[in-house]
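Structure, as structure tokens:
The values are calculated or read from the model by the stated rules, or taken from the named source; none is laboratory data. Given the structure is predicted, the values throughout are model-derived calculations rather than measurements. FYI the Cβ positions are ideal-geometry reconstructions off the backbone, even for glycines, and counts take in every protein chain you see.
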Amino acid sequence: MSGVDSLWEILVVATVVALAGLAVIVGLVRGGGKRGGKSDTTTIERPPTTPVEVEPDGDRPQPPPGEGVEDIGGGVAVEVEPEPTTPTLERPASARGRLARLRARLARSNNAIGNALLALLSSGGLDEQSWEDVEDTLLQADLGVEATDELVGKLRTRVQVDGATDPEVVKGWLREELLALVDPSMDRRVAASRVGDRPAVILVVGVNGTGKTTTVGKLARVLVAEDKDVVLGAADTFRAAAADQLQTWGERVGVPTVRSDREGADPASVAFDAVKSATEYEADVVIVDTAGRLHNKAGLMDELSKVKRVIEKQSPIDEVLLVLDATTGQNGMRQAEVFGEAVNITGIVLSKLDGTAKGGIVVNVQRRLGVPVKLVGLGEGPDDLAPFDPEAFVDAIIG
Ligand SMILES: Nc1nc2c(ncn2[C@@H]2O[C@H](COP(=O)(O)OP(=O)(O)OP(=O)(O)O)[C@@H](O)[C@H]2O)c(=O)[nH]1
């Protein structure tokens, strides 16, 4: 064998060895983000760490369409490379006083109830027809038959005994009675603090399109504003974009998302991995988003029970939040009941309360389910989720 041949052989062997080594390194790096026994299905997506904090996008003007294209004259446009940007973190609005801040939105859609009631009650000499009108107004606001009867009964007694028609006095009664129905004594805290040596676990459920993913993203912001370490779990593996959507919410406030690489992956397995990662990460709380499901599809409700059971193999669940679209009325009540049977609901999130004059649903759903409304969604903006405050709510309704 010539010297040249053996040189070639050495070169070939060295190249093969180098390529094999490179392959091993790439494999290790890629595998680095995967977790536990289910490492082939989920990854934890950590957001970039960032030195700069900015206010949320919500109120910032968006770049005009066509930005990045520069007209260099003569009708010729060339693409301009965008300036490299430093990834930035948003600073979410503090949770305190959010409902007061959003009160105008609540009032805009629900003031009509208060105004109609006050007009009727202050009109003096209330006859049967007027009381029926009061009842209708309350029913239209989705207060429910039982609570409506109760409220009208109490107001009738007070009007009979006192006979007052002074609008301010009547307003005071209405405020008192509505507040009693909303029940300020209920514990509305969201369980989001570490329990012993483990993170709190929050599971978010509901039918399609009620606003679950949006709520999880907004809730993460509420908790980040309270300086909590949050991990998100994208167990909505049914809708392709849901995990991306959730991850984007997380990245905006520096929160990692545990998600599957594979569309249609087992949601229980992703939920399990999310809780596991949150434990390893020593997070304060993990919030698991689930796919929207119709309450009348038994298979899907079984799947949800399985997600719950599988998480519980690893950690107790501290909070199961049912997201209800406030505009769905009685159908929403039925959903609430069925979900309540499948998983033990501990709190309600009423989304889209900004677009409906049906604020009475707060009372109705609490009674039917026996669990408190803990959060309300009042818009599509990132900070349009507020802890539910009974007093601010009633004040917004009656003006
Ligand atoms: N006006 C208003 N819109 C909301 C609110 N919450 C959510 N939405 C909108 O509702 C739509 C559905 O929200 P998603 O979070 O994608 O709903 P989802 O329940 O996760 O959907 P599925 O996963 O398909 O079941 C989006 O357009 C949200 O912006 C709210 O409080 N007010």
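Keeping to the stretch 204-229, report how many residues are on the phi < 0 side of the Ramachandran plot, buried (at least 16 other Cβ atoms within 10 Å of the Cβ) and within 14 Å of the ligand (Cβ to nearest atom).
15
Which one of 286, 307 is more than 13 Å from the ligand (Cβ to nearest atom) and under 18 Å from residue 375 (Cα atoms)?
Going through 286, 307 in turn, the sole match is 286.
Just one of (1) hydrophobic (A, V, I, L, M, F, W, C); (2) in a helix (DSSP H, G or I); (3) within 18 Å of the chain's Cα centre (by Cα); (4) crowded, with 22+ Cβ neighbours inside 10 Å trips up residue 241, so point out which.
For residue 241, the exception is condition (4).
Identify, by number, the condition in (1) part of a helix (DSSP H, G or I); (2) in contact (Cβ under 8 Å) with a residue 40 or more places away in the chain; (3) touching a strand residue (DSSP E or B) at 6+ places or on another chain (Cβ under 6 Å) that residue 386 doesn't meet.
(1)
Where residues in the stretch 219-238 are in a strand (DSSP E or B) and of a type outside the set (Val, Ile, Thr), which of them is farthest from residue 386 (Cα to Cα)?
Out of the qualifying residues, it is 235.
Collect the residues in the stretch 259-295 that are surrounded by 24 or more Cβ atoms within 10 Å (Cβ to Cβ) and of a type in the set (Val, Ile, Thr), keeping them in residue-number order.
Across the stretch 259-295, the qualifying residues are 270, 275, 285, 286, 287, 288, 290.
Filter the stretch 333-354 down to residues that are charged (D, E, K, R) and either within 16 Å of the ligand (Cβ to nearest atom) or crowded, with 19+ Cβ neighbours inside 10 Å (or both) and give me whichever is farthest from residue 370 (Cα to Cα).
Among those residues, the one meeting the criterion is 354.
Residue under question is residue 156, and the condition is that it be away from the ligand (no atom under 16 Å from the Cβ), part of a loop (DSSP other than H, G, I, E, B), among the basic types (Lys, Arg) and modelled with pLDDT of 85 or more; does it hold?
no
Have a look at 255, 216 and point out the one that is in a loop (DSSP other than H, G, I, E, B), under 15 Å from the mean Cα position of the chain (by Cα) and modelled with pLDDT of 95 or more.
Values: 216 fails: in a loop (DSSP other than H, G, I, E, B).
Just one listed residue meets the conditions, 255.
Among 270, 169, which is the only one that is within 16 Å of the ligand (Cβ to nearest atom) and either polar (S, T, N, Q) or out of contact with any Phe, Trp or Tyr (no Cβ under 7 Å at 6 or more places or on another chain) (or both)?
270
Report, by residue number, each residue of the stretch 331-383 that is within 21 Å of residue 184 (Cα to Cα), part of a loop (DSSP other than H, G, I, E, B) and not hydrophobic (A, V, I, L, M, F, W, C).
The answer is 346, 358, 359, 360, 370, 372.
Could you count how many residues in the stretch 305-330 are small (Gly, Ala, Ser) and either assigned to a loop (DSSP other than H, G, I, E, B) or without any contact (Cβ under 8 Å) to a residue 12 or more places away in the chain (or both)?
So the answer is 1.
Do you know which residues across the stretch 367-383 are more than 8 Å from the ligand (Cβ to nearest atom), of a type in the set (Gly, Ala, Ser) and in contact (Cβ under 8 Å) with a residue 24 or more places away in the chain?
381
Name the residues in the stretch 260-283 that are in contact with a strand residue (DSSP E or B) (Cβ under 7 Å, 6 or more places away or on another chain) and part of a loop (DSSP other than H, G, I, E, B), would you?
Result: 261, 281, 283.
Can residue 189 be described as farther than 20 Å from residue 289 by Cβ, modelled with pLDDT of 95 or more and away from the ligand (no atom under 14 Å from the Cβ)?
Yes; evaluated as a whole, the condition is true for this residue.
Kindly indicate whether any position in the stretch 364-381 is more than 12 Å from the chain's Cα centre (by Cα) and charged (D, E, K, R).
Yes, the stretch 364-381 contains at least one residue that is more than 12 Å from the chain's Cα centre (by Cα) and charged (D, E, K, R).
Quick check: anything in the stretch 355-366 touching a Pro at 6+ places or on another chain (Cβ under 9 Å) and either near the ligand (Cβ under 10 Å from one of its atoms) or at positive phi (or both)?
no
Give the stretch 161-203 a look and list any residue that's farther than 30 Å from residue 223 by Cα, in contact (Cβ under 8 Å) with a residue 12 or more places away in the chain and surrounded by fewer than 16 Cβ atoms within 10 Å (Cβ to Cβ), or say none.
165, 166, 167
Given the criterion of a type in the set (A, V, I, L, M) and under 23 Å from residue 375 (Cβ atoms), identify the matching residue among 300, 232.
That would be 232, the only listed residue that is of a type in the set (A, V, I, L, M) and under 23 Å from residue 375 (Cβ atoms).
With the structure loaded, tell me whether residue 244 is within 14 Å of the ligand (Cβ to nearest atom) and at negative phi or whether it fails that test.
yes
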